[in-house]
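First comes the structure, then the notes that go with it.
The values are calculated or read from the model by the stated rules, or taken from the named source; none is laboratory data. As the structure is a prediction and not an experimental result, all values here were calculated from the model. Cβ coordinates were reconstructed from backbone atoms using ideal geometry, including for glycine residues, and neighbour counts include every protein chain displayed.
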Amino acid sequence: MKTLWEGIFKKNPVFVLLLGLVPAVAVTSTAQNGWTLGLITAIVLVLSSIINFLLLPVVPQNVRAVLQMAILIVLVVISHSLLVELNPQVVAQLGIFLPLIAVSSLSFQTGDQSKSFGTTVVKALGQGLGFLLALVVIGVVREFLGFGTIFGAQVVASSLPPMSLASSVPGGLIIIGLLLALANKLTGQGGELHD
């Protein structure tokens with residue numbers, strides 16, 4: 001349970017490790033986009049970790065990195081194909097960041113191979129859920145401030161003008177910066193000054 005907790009909160013890919021910031025800024029103008037990209041990334045990360053755990057011990061050391069990338073690419077191509085069939089509009093909204101899941105997932109994977117299958121899966125699940133949580137939180141804040149909605153449901157009456165900057169990339173950077181500061185404050189990390 002500690003490994004799962006660390007992946008979600010203590011080693012969150014976006015708020016702590018600062019990985020995946022580009023899709024976090026570019027895609028999360030709505031909570032639905034954050035949910036979709038985060039969920040697909042989490043699934044790909046868990047599946048690739050399972051496949052890697054099973055295959056890497058029997059593969060020579062000098063081929064492992066190529067195999068890990070190939071597994072991620074195949075899983076992302078399968079995800080992309082399924083999404084095109086199910087909902088092409090989502091593929092259009094996620095744009096280039098859907099195929100880039102392979103690179104994001106590769107950066108999330110730690111180099112160490114756990115001895116236990118359960119630990120490997122829980123570690124990948126924690127990283128995936130942490131990324132999903134971060135994208136949804138960023139998406140909810142940006143969508144609420146930019147459009148007055150959360151997951152497309154109107155929350156604030158239209159009498160208040162939305163803060164359109166929140167739904168833009170510069171607004172996303174500002175919001176992520178503020179959320180990073182909040183995460184650092186809550187966890188007691190960051191901000192130390194040394195002489």
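Key figures for this structure:
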quantity: Candidates ALA102, ALA70, ALA92, ALA24 - the one that is under 11 Å from the mean Cα position of the chain (by Cα) and not basic (Lys, Arg); calculated: ALA24
quantity: Test for VAL84: is it of a type in the set (Val, Ile, Thr) and either touching a residue at least 60 places away in the same chain (Cβ under 8 Å) or over 21 Å from VAL46 (Cα atoms) (or both); calculated: yes
quantity: Which listed residue is more than 19 Å from the chain's Cα centre (by Cα), surrounded by 19 or more Cβ atoms within 10 Å (Cβ to Cβ) and not in a loop (DSSP other than H, G, I, E, B), from ASN52, ASN33; calculated: ASN52
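Condition check ((1) closer than 25 Å to VAL16 by Cα; (2) charged (D, E, K, R); (3) without any contact (Cβ under 8 Å) to a residue 24 or more places away in the chain) across all residues:
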residue	(1), (2), (3)
PHE131	yes, no, no
ALA134	yes, no, no
ILE138	yes, no, no
PHE144	yes, no, yes
VAL156	no, no, yes
MET163	no, no, yes
SER167	yes, no, no
LEU173	yes, no, no
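Matching residues to (1) polar (S, T, N, Q); (2) outside any helix (DSSP H, G or I); (3) modelled with pLDDT of 90 or more:
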site: VAL84; (1), (2), (3): no, no, yes
site: VAL91; (1), (2), (3): no, no, no
site: ALA102; (1), (2), (3): no, no, no
site: LEU106; (1), (2), (3): no, no, no
site: GLY111; (1), (2), (3): no, yes, no
site: VAL121; (1), (2), (3): no, no, no
site: GLY128; (1), (2), (3): no, no, no
site: LEU132; (1), (2), (3): no, no, yes
site: VAL140; (1), (2), (3): no, no, yes
